[in-house]
Each structure stands twice: as C-alpha cells, then as structure tokens.
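J.: Take a look at this one; I'll ask things after.
The values are calculated or read from the model by the stated rules, or taken from the named source; none is laboratory data. Just so it is clear, the model here is predicted, and its values are computed rather than measured. Positions of Cβ are backbone-derived with ideal geometry, glycine not excepted, and every protein chain shown enters the neighbour counts. Just so you know, the surface numbers come from the protein's heavy atoms only, side chains and all, with ligands and any DNA or RNA stripped out. Shrake-Rupley method; radii C 1.70, N 1.55, O 1.52, S 1.80 Å.
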Amino acid sequence: MTAIIGGLIAGATRGIGSIIAGLITAGYAFTFLDLVAGKKETNYFSAMFSAFTNRRLIPVFLTWLLQTIFVLLWMILLIVPGIIKALAYSQAFFIAKDMVDSGREVQATEAITKSKQLMDGHKWEFFVLQLSFLGWAILCIFICGIGFLWLRPYMQTTNALYYRQLAKDQFRTSAADVNEMTNNLETM
C-alpha cells in the first residue's frame, strides 16, 4: 500500500515526491513498530503519516536522506557493498522513532550509526530473513500484485518484531535516564 501511494506521489511530484514517499515509508515502519508493541491505534491510515508529526520530521528526513545517499554511494562502488550497507542501516528508522519517543534528540547520523552497531554480526541473519519472503513475492507477481496487499504488512510486522527482539529497550530510555546513568558512571 505504501509502495503504491509512494509511487503515485513520486511520479506526480518528481523529486519532492521521493522525499514524501520516504517519509511515508518511515511512518509505515513506525505504525508496525507500535502495532507489535501492543499500542492500540484507532486509525492506521493516519498513523502512516506519523513521520510528519511528534517532532519526528527533521530527524526522520535527515535519516532518510543520509541513508539514501550512503547506500547509493556504496552501490556506485559495487552492488554487494551497497547491499551490505543497506542491511547495516536497515534499523535506522526504528531507532530514530524509539529515540524521539523517549524524548531524546536525534542527530543527523546518530540513528544510522546506531543501526550499524546494532546490526554488527546480524546482517547475514537479517538478509536470510528478507530472502524468506522471496517466494511469496514471486507468487504475488504472478497474481498481478494483489498478494502484496497481504505480503507487505506481513513483512513489515516481521521486520518490526526482528528489531524489537534485537534492540529490546536500549533506545527507549529517556534523556533523563541516560543523564542519570552517565552521572552514576562518573561518580564511580
């Protein structure tokens, strides 16, 4: 659904549409992260646009922009390094959401850097997880793309659960909790 909406927006508005589509994709990821966390959202369609609200616009935009630039630069080198970096940066939106929700400020490359650290040693595992959807995607293509209406939410839910299992609550701590932990470490 977001791919269709994003594609229509990108086609209608050229470059600006790509930015809007990237932010909607982030909102889509946020929606499923809230869904797997058990938050009851009454309107999932409006939740897709959550990247535009709650102080998220600038951090999500910068994360999307830098992530896109970095992956494209790695892809120019060779395809394989680009894929590896895309896997390393794959959790950046989730991390940015958790950090903003906990009241922390997200710097331009902070979510990307933390995603690289989080995915260290887990890129192959995540790659295999994504490959597990390949058969379903091929089947969806054969039935004129209708199956993607079910496959995309299934994939996004799986990705959100993977992130939550991998990161646990390490990015959900509030700014006050981080300051308190830092103060406790300094006094030791």
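J.: Rounded to the nearest 10 Å², what accessible area does Asp34 have for a 1.4 Å probe in the complete protein model?
T.: Probe radius 1.4 Å; accessible area of Asp34 about 40 Å².
J.: Each residue of the range 79-84 in order: what ³J(HN,Hα) in whole Hz does its phi give by Karplus 6.51 cos²θ - 1.76 cosθ + 1.60, θ = phi - 60°, with x for Gly and Pro?
T.: Per-residue couplings from phi come out as 5, 4, x, x, 5, 4 Hz.
J.: Heavy atoms of the protein only, probe of 1.4 Å, neighbouring chains included. What is the accessible area of Ile19 in Å², nearest 10?
T.: 50 Å²
J.: Determine which lysines satisfy two conditions relative to Lys114: a Cα distance under 17 Å, and not lying fewer than 8 residues away in the same chain.
T.: Qualifying lysines at Cα under 17 Å: Lys85, Lys97, Lys123, Lys168.
J.: In what sequence, highest mean first, do 121-130, 153-162 appear when ranked by Cβ atoms within 10 angstrom?
T.: Working: 121-130: 13.4, 153-162: 17.3.
Output ranking for 121-130, 153-162: 153-162, 121-130.
J.: Just subtract the alpha-carbon distance of Thr157 and Thr68 from 0.36 nm times their residue separation and send over the number in nm, one decimal. Display every interim value, and only then the final one.
T.: Values: separation 89, 0.36 × 89 = 32.04 nm, distance 2.24 nm.
The span from Thr157 to Thr68 would gain 29.8 nm if fully extended.
J.: Taking 0.36 nm per residue of sequence separation and subtracting the Cα-Cα distance, how much length would be gained by fully extending the chain between Ser102 and Val128, in nm to one decimal?
T.: Here the segment from Ser102 to Val128 would lengthen by 6.3 nm.
J.: Spelling out what I want: for every residue of the range 153-168, take phi, set θ = phi - 60°, compute 6.51 cos²θ - 1.76 cosθ + 1.60 (Karplus), and round to whole Hz; glycine and proline get x.
T.: Result, ordered by residue: x, 4, 5, 5, 5, 4, 5, 5, 5, 4, 4, 4, 5, 6, 8, 6 Hz.
J.: Please give the peptides 69-79, 134-144 ranked by average Cβ packing (other Cβ atoms within 10 Å per residue), highest first, as a rough proxy for protection.
T.: The densest-packed peptide leads the list: 69-79, 134-144.
J.: Moving to a separate point now. In whole Hz, with x marking every Gly and Pro, tabulate ³J(HN,Hα) for the range 117-123 from phi via Karplus 6.51 cos²θ - 1.76 cosθ + 1.60, θ = phi - 60°.
T.: 5, 5, 7, 4, x, 10, 5
J.: Right, next: Rounded to the nearest 0.05, what FRET efficiency do Ser18 and Arg172 give with R0 = 30 Å and r taken as the Cβ-Cβ distance? Could you check?
T.: On the way: r = 30 Å, r/R0 = 1.00.
That pair, Ser18 with Arg172, gives E of 0.50.
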